[in-house]
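Data first, discussion second: the structure below is written as structure tokens.
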Amino acid sequence: MKKWYAVIGDPISHSLSPLMHDTWFKENGIDATFIPIHVEPSNLKQAFESLQTLGVSGFNVTLPHKQAIIPLLDGVDDTASMMDAVNTVVRGGKLYKGSNTDGDGFVESLLTTESSPDSKVLLIGAGGAARGISFALKRRGFGDVTITNRTHRRAEELADESGSKSMVKAEAEKKLGDFDIIIQTTSVGLAENEALPISLQNIRAGTLAADIVYNPIKTPFLKVAEEKGCKTLNGVGMFVYQGAIAFEKWTGLKPDTDNMIQMITEKLGGTYVNR
Ligand code: NAP
């Protein structure tokens with residue numbers, strides 16, 4: 001019987017996950033389809049029960065349900081537990097278990113730039129995505145990670161938990177030239193002409209500037225970094241790799257990520273500039 005997978009969120013019409021997973025199902029000869037489902041917060045429990053009744057084989061969870069889904073599931077793995085957020089649900093028989101592939105997705109994308117784990121990393125932001133990335137960086141051997149955030153207390157808390165350092169924003173702006181990799185994980189940048197979450201005045205040419213926002217493909221942060229002579233990495237790679245890790249959890253197969261990055265980049269109207 002044809003299998004089906006889904007992504008639930010509010011809003012959801014913008015999601016590129018159906019295009020990505022349907023392409024991979026086809027490429028891998030899997031008889032399955034992937035559908036976006038608009039679920040408002042007040043309907044989450046009912047929606048999950050419907051997914052179960054209708055026999056969903058697995059699904060992605062996006063904003064604003066990444067935390068609210070947890071008590072409804074039969075369990076979560078270590079990564080989702082540590083992040084207190086789920087973006088992927090895997091079905092095993094009648095059980096639905098939550099996982100989170102965002103942090104590892106980012107690090108996979110970062111590793112395509114051949115960045116060394118010895119690099120000095122500055123993480124801007126201390127929200128859900130920064131949380132996953134900070135732990136994933138540590139797991140993959142990046143030992144020197146500093147976190148800065150608009151609300152400094154959150155940076156301190158995340159740094160304590162993930163074995164990183166924290167720095168107040170003004171100090172990070174002054175010492176920006178000390179870092180080899182600067183990762184923008186805040187939601188700033190979704191609008192074309194938004195102010196930057198941090199001043200890039202002191203950034204060093206040659207530094208790798210990475211933004212996890214992928215629409216627009218070239219955020220104000222990446223534009224300024226490029227003007228300053230930095231290498232840049234946009235958020236498409238993270239999006240594709242988090243999806244690839246989910247796809248592998250569902251099907252046991254590793255999908256083609258290079259072609260997908262190209263395809264999503266073109267879909268967003270950009271040129272592929274990450275490598
Ligand atoms: P979140 O948990 O709501 O965290 C938001 C972060 O942004 C916090 O650190 C917050 O700082 C900061 N922030 C918000 N507005 C700011 C402003 N005006 N100036 C400075 N800092 C500001 O969000 P999230 O789940 O981490 O997601 C963050 C972004 O990552 C979203 O745009 C999302 O679309 C993107 N994302 C991309 C991928 C991908 O696959 N590429 C995956 C996941 C997420 P405070 O603590 O001070 O509020």
If a residue has to be surrounded by fewer than 21 Cβ atoms within 10 Å (Cβ to Cβ), in a helix (DSSP H, G or I) and in contact (Cβ under 8 Å) with a residue 24 or more places away in the chain to count, how many in the stretch 179-237 make the cut? 1
Here the qualifying pairs (Cβ atoms under 7 Å; residues six or more apart or on different chains; first in the stretch 151-165 and free of Cβ contacts under 8 Å to residues at least 40 places away in the same chain; second of a type in the set (A, V, I, L, M, F, W, C) and surrounded by fewer than 17 Cβ atoms within 10 Å (Cβ to Cβ)) come out as H152/V168
If you go through the stretch 220-232, how many residues are over 19 Å from G177 (Cβ atoms) and either touching a strand residue (DSSP E or B) at 6+ places or on another chain (Cβ under 7 Å) or in the same structural domain as N60 (by TED's automatic domain parsing) (or both)? 0
Residue tally, condition assigned to a strand (DSSP E or B) and farther than 19 Å from N215 by Cβ, over the stretch 1-17: 5
Surrounded by 15 or more Cβ atoms within 10 Å (Cβ to Cβ), in a strand (DSSP E or B), touching a residue at least 24 places away in the same chain (Cβ under 8 Å) and in contact with a helix residue (DSSP H, G or I) (Cβ under 7 Å, 6 or more places away or on another chain): does that describe V90? yes
Regarding I264, is this residue crowded, with 21+ Cβ neighbours inside 10 Å, without any contact (Cβ under 8 Å) to a residue 40 or more places away in the chain and not assigned by TED's automatic domain parsing to the domain that holds D31? no
Between residues in the stretch 119-133 that are farther than 17 Å from T207 by Cβ and residues that are basic (K, R), which pairs lie under 6 Å by C-beta distance while being six or more apart or on different chains? A126/R154
Residue check, G75 surrounded by fewer than 18 Cβ atoms within 10 Å (Cβ to Cβ), within 25 Å of G127 (Cβ to Cβ) and at pLDDT 95 or above: yes
The residue from G243, G269 that alone is outside the structural domain of L95 (by TED's automatic domain parsing) and in a loop (DSSP other than H, G, I, E, B) is G269
Flagged in the stretch 114-165 as more than 12 Å from the ligand (Cβ to nearest atom), surrounded by 16 or more Cβ atoms within 10 Å (Cβ to Cβ) and polar (S, T, N, Q), in numbering order, are S115, S119, T146, S162, S164
Flag for L63 being surrounded by fewer than 22 Cβ atoms within 10 Å (Cβ to Cβ) and not in a helix (DSSP H, G or I): yes
Looking only at the stretch 176-187, decide whether some residue is away from the ligand (no atom under 13 Å from the Cβ) and of a type in the set (S, T, Y). no
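The values are calculated or read from the model by the stated rules, or taken from the named source; none is laboratory data. Since this is a predicted model, take the numbers as computed values, not measurements. Because the Cβ atoms are built from the backbone with ideal geometry, glycine has one as well, and the counts that use them run over all protein chains shown.
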